[in-house]
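Structure record follows, encoded as structure tokens.
Only the coordinates and a few stated rules stand behind these numbers; no lab work does. Fair warning: this is a prediction, and the values are worked out from it, not measured in the lab.
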Amino acid sequence: MGLFKKFNFGLKKTREQMSGAIDSVLEASAAIDDDLFEELEEILIMGDVGVTTAQHIIDELRDRVKKRDLKKPDKLRRVIREVVADMLSGKEGMELDTIPSVILVIGVNGVGKTTTTVSYTHLTLPTNSR
């Protein structure tokens, strides 16, 4: 089983629970309002996305909804995917406040934590530090 397949399998239950909860909230909501954003943020936090990341997703979601003048909750599913995909695209670098820094890498067995860490270290360390 390849690295991506292992990672995908390891997160399947969480993904299904979160997407099911998001679908339920979107289907039950009549309009895009503050209550809907709060419920979505709660789902993200309960799905272990983290408070800061959940807030970032919701803030970005609010901005995109406003820019696109969206009114119906069923349109949010696509925008949520866009926001998360943009976050995962790797366009932003990791901002480390101190050097050296400690980075905690967490994941289920076999998803490539060690490989990713070594690759990241190789890409980010100055040549004379290797």
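Mind checking Rg over Rh on the stretch 12-73, alpha carbons, Kirkwood formula for Rh? Mind dumping the intermediate values first?
Working: Rg = 11.6 Å, Rh = 12.0 Å.
For the stretch 12-73, the value is 0.97.
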Query raised in the report: Taking every eigenvalue of the Cα gyration tensor of the stretch 43-104, multiplying by 5 and rooting it, what semi-axes result, largest first, whole Å?
Result: 28, 13, 10
